[in-house]
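K.L.:
Please find one structure pasted underneath; my questions will follow.
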């Protein structure tokens, strides 16, 4: 596959957006003194991805002919180098690339309102950030099927090849203010 490199400086061109839709007010909580959505935007910028608004018309994204990096505001400390590596992998392999983390919580089966056996979590993963769509996938979609990353990945897997990329611990998804404090402690420079 030919990779679309910028002629001027040899850099891979890509568009990206920080998805905060449907995530309540948590994307506006502060981590290291900045809103999660701002921290996530900075990471995309550091990854040399051109930011576009989540409401950008899909036809304009298709016309741009560039890959699209979707970064979840609830994974604000995902390192720029990981975002960039996922982008390069998606373009080089012409496949959707999805950041994941291992499941660390205990997972139980339930039946009839009763808690049952513990599920082996070795095969379970948590979708994090990013979800990278190569330009060929952007062109074949009529829009994003969902802004919920789990639903989005399920929809994409039904139509396109999808590769999972092991995200670093700092790319973890937050679900509460307590998670934000934990993430902040995890990402405070030594």
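K.L.:
Going by C-beta contacts inside 10 Å, put 149, 160 in order with the fewest on the left.
P.N.:
By the 10 Å Cβ count, ascending, the order reads 160, 149.
K.L.:
At 7 Å along Cα-to-Cβ for each site, give me the label-to-label distance between residue 187 and residue 59 in nm.
P.N.:
Roughly 3.7 nm, to one decimal.
K.L.:
Over the chain, calculate the relative contact order: mean separation of alpha carbon pairs under 8 Å at least 6 apart, over the residue count, as a percent.
P.N.:
Once normalised by length, the contact order is 25 percent.
K.L.:
Is the shape of segment 19-94 best called rounded, prolate or oblate, per the rule: a/c under 1.5 gives rounded, else a/b larger than b/c gives prolate, else oblate, with a ≥ b ≥ c the square roots of the Cα gyration tensor eigenvalues?
P.N.:
oblate
K.L.:
Same structure, new question: Could I have the simple spin-label model distance between residue 177 and residue 160, label points 7 Å from Cα toward Cβ, reported in nm to one decimal?
P.N.:
The answer from the label model is 3.8 nm.
K.L.:
At what distance in nm do the modelled label points of residue 25 and residue 150 sit from each other, each positioned 7 Å from its Cα along Cα→Cβ?
P.N.:
About 2.4 nm, to one decimal.
K.L.:
Relative to the longest principal axis of the C-alpha atoms of the chain, give the angle of the C-alpha long axis of helix 177-186, reported between 0 and 90° and rounded to the nearest 10°.
P.N.:
70 degrees
K.L.:
If I build a Gaussian network model for the chain, linking alpha-carbon pairs within less than 10 angstrom, which residue out of 144, 51, 70 has the largest mean-square fluctuation?
P.N.:
144
K.L.:
With angles folded into 0 to 90 degrees, how steeply does helix 80-93 sit against the dominant principal axis of the chain? Use alpha carbons for both and round to 10.
P.N.:
Helix 80-93 and the main axis of the chain meet at about 60 degrees.
K.L.:
How many angstrom lie between the C-alpha centres of segment 130-183 and segment 60-87?
P.N.:
10 Å
K.L.:
If you take every DSSP beta bridge whose two residues both sit in the chain, what share of them, in percent to the nearest 5, is antiparallel?
P.N.:
If I count the DSSP bridges inside the chain, around 55 percent turn out antiparallel.
K.L.:
Looking at the chain as a GNM with Cα springs under 10 Å, which of 128, 21, 110 has the largest mean-square fluctuation?
P.N.:
Highest fluctuation of the listed residues: 110.
K.L.:
Of the labelled options [x] 14.0; [y] 10.9; [z] 12.8, which one gives mean projected area of the Cα convex hull in nm² as computed for this structure?
P.N.:
Computed from these coordinates, mean projected area of the Cα convex hull in nm² corresponds to label [z].
K.L.:
Another question, if that's okay. Going 7 Å from the Cα of residue 89 toward and past its Cβ, which residues in segment 125-148 have a backbone nitrogen under 15 Å from where you end up?
P.N.:
Output list for this probe position: 125-134.
K.L.:
Continuing with the same structure: Could you give the angle, 0 to 90 degrees to the nearest 10, between helix 36-46's Cα long axis and the longest principal axis of the Cα atoms of the chain?
P.N.:
Once rounded, the angle reads 40 degrees.
K.L.:
If each residue of separation counts as 0.36 nm, what is the full-extension length gain between residue 111 and residue 142 once their alpha-carbon separation is subtracted?
P.N.:
Between residue 111 and residue 142, full extension yields 7.3 nm more.
Laboratory data are not the source of any read-out in this text; all were calculated from the coordinates shown. All values reported here derive from a predicted model rather than from experimental measurement. Positions of Cβ are backbone-derived with ideal geometry, glycine not excepted, and every protein chain shown enters the neighbour counts.
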